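In what follows, a single structure is set out as structure tokens and then discussed.
The values are calculated or read from the model by the stated rules, or taken from the named source; none is laboratory data. Computed from a predicted model, the values in this text were never measured in an experiment. Please note: Cβ atoms are built from the backbone with ideal geometry, for glycine as well, and neighbour counts cover all protein chains shown.
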């Protein structure tokens with residue numbers, strides 16, 4: 001009996017050992033297969049990204065990708081010296097390129113075979129390809145919107161001047177090569193453009209004047225008198241300037257007189273399709289619109305509560321309008337307080353200095369409250385918004401360093417008030433961006449908003465992943481972070497917890513909500529200019545100048561304005577989930593560093609990674 005028992009135990013042990021060896025072998029095989037899948041996908045993704053950049057040399061300059069192999073030995077293409085090919089044949093080539101690559105990823109590197117990080121990258125690529133094909137096959141904005149071509153010229157000339165990838169003489173030489181190609185480029189654009197809405201032509205003409213100024217002033221100032229570069233500039237600049245000016249005349253005399261088949265409104269079918277790919281979230285435009293309009297009423301009520309005691313201090317000689325009710329009373333009380341707050345603003349020629357001064361106080365507060373890790377690179381520079389970008393960036397913007405060159409200069413663009421702007425309109429803008437709102441603006445665009453966000457993203461490893469997540473990053477993640485972290489700063493007591501700052505922040509929240517309402521209603525529901533202006537000025541307390549600028553921006557873009565609201569909600573929800581999971585062990589600094597370390601992923605991918613869930 002004992003022998004039988006020992007035999008049985010021995011056999012069981014042998015079976016268990018064999019099973020253990022089998023399990024270990026299976027795990028080893030599975031791990032090996034996973035590594036092989038990851039390596040294959042990484043190589044495929046890297047090739048796709050770089051080949052797509054080679055199709056748009058200006059985009060390559062933005063990314064810091066300067067030389068592309070031709071496939072003939074060690075021969076490479078100097079991408080910074082080339083201006084994009086925008087001929088009809090080039091757009092047809094893009095259609096072929098993206099269609100073929102979509103199939104390659106789905107067959108050679110299916111998402112089911114990938115781990116969390118690779119799967120997140122795969123989705124970014126697949127959705128970006130889908131967006132490109134939606135544009136090329138259905139929306140075809142490039143056939144109707146000349147600003148597409150005008151802004152690409154400006155970026156193509158400005159980027160090499162503002163980067164440090166090579167000696168200045170080399171970079172200026174690249175700029176001159178691109179200037180020389182402007183006549184060819186604009187002739188191709190004329191072949192592609194079918195018609196244009198008046199607002200597109202207006203902005204394109206203004207930005208094209210900025211391109212002329214860029215060539216005649218900014219580029220010229222970089223070239224020493226009497227040098228070989230000066231001789232080359234004198235040869236290529238005049239034909240380029242003449243071509244730019246001729247393009248403006250062509251828009252006015254020919255393009256603008258063609259029967260328009262399209263307006264700036266995208267329309268519901270295309271808007272819905274684009275919205276889904278931009279947000280990369282299970283939410284519809286109708287849901288966002290309903291929620292934004294409901295929250296807009298809630299925030300206005302909060303503002304009345306904040307404004308009432310301020311109103312008594314600011315206007316001791318009259319009542320807080322008890323005779324009015326509802327929206328009318330909110331407009332009276334809140335409006336009067338906001339007008340008084342707006343009295344504190346910089347002079348029209350001191351805007352840049354005010355922004356730089358706020359940066360110091362914001363930086364100290366971030367460190368003191370341990371909000372998020374600051375950048376060790378300290379490469380932020382505050383500069384005037386380039387003229388060719390002021391149509392879309394009428395107030396401010398942020399330009400991150402190239403993802404492949406993270407130590408390069410990061411730029412916080414602040415749009416100065418042009419000397420030709422009448423005093424009344426300048427005052428309107430300055431009152432909108434008063435001392436309190438300027439603090440929010442710098443928090444949003446610079447610290448701890450976009451600048452810090454992109455500084456963390458530029459530490460993503462390996463560089464191939466960093467490049468991919470920078471180029472194809474989720475817009476709601478990017479814009480939502482800047483709104484979310486501004487709320488964190490306010491809740492932490494920034495600006496001494498001053499009620500004027502808190503009320504100004506509620507006004508900014510109204511702007512965020514109005515952005516979403518504007519975009520959906522204007523592009524899919526026929527909202528008129530008058531209705532849009534009423535929403536912004538009467539419901540969201542915006543000045544006339546701010547509202548006019550936003551109205552133009554809503555016509556120039558589509559689905560971008562709701563990213564602020566969609567992203568803010570997603571950031572708040574992820575924070576709630578993570579904090580609940582961590583309980584008392586939650587550390588805000590560590591959390592913010594963790595989520596920013598992933599780069600701009602869709603939120604379900606981000607949540608899976610930071611929560612450790614499949």
*asked:* Are there helices (runs of 4 or more DSSP H) fully within region 196-300 with at least 2 residues that are modelled with pLDDT of 95 or more, farther than 29 Å from residue 473 by Cα and within 30 Å of the chain's Cα centre (by Cα)? List them.
replied: 198-213, 228-253
*Mind checking which residues of region 400-443 are touching a strand residue (DSSP E or B) at 6+ places or on another chain (Cβ under 9 Å) and either surrounded by fewer than 23 Cβ atoms within 10 Å (Cβ to Cβ) or not in a helix (DSSP H, G or I) (or both)?*
400, 401, 409, 410, 411, 412, 413, 414, 415, 416, 433, 441
_Condition (residue is surrounded by fewer than 21 Cβ atoms within 10 Å (Cβ to Cβ) and under 18 Å from residue 197 (Cα atoms)) applied to region 500-516: is it met by at least one residue?_
no
*asked:* residue 346 - would you say it is more than 30 Å from residue 65 (Cβ to Cβ), modelled with pLDDT under 95 and in the same structural domain as residue 303 (by TED's automatic domain parsing)?
replied: no
_Report every pair of residues separated by at least 6 positions or lying on different chains whose Cβ atoms are under 6 Å apart, first residue within region 309-335 and free of Cβ contacts under 8 Å to residues at least 40 places away in the same chain and at positive phi, second assigned to a helix (DSSP H, G or I) and surrounded by 15 or more Cβ atoms within 10 Å (Cβ to Cβ)._
321/329; 321/332; 321/333
*asked:* Residues that are part of a loop (DSSP other than H, G, I, E, B), in contact (Cβ under 8 Å) with a residue 12 or more places away in the chain and buried (at least 23 other Cβ atoms within 10 Å of the Cβ): does region 469-485 have at least one?
replied: yes
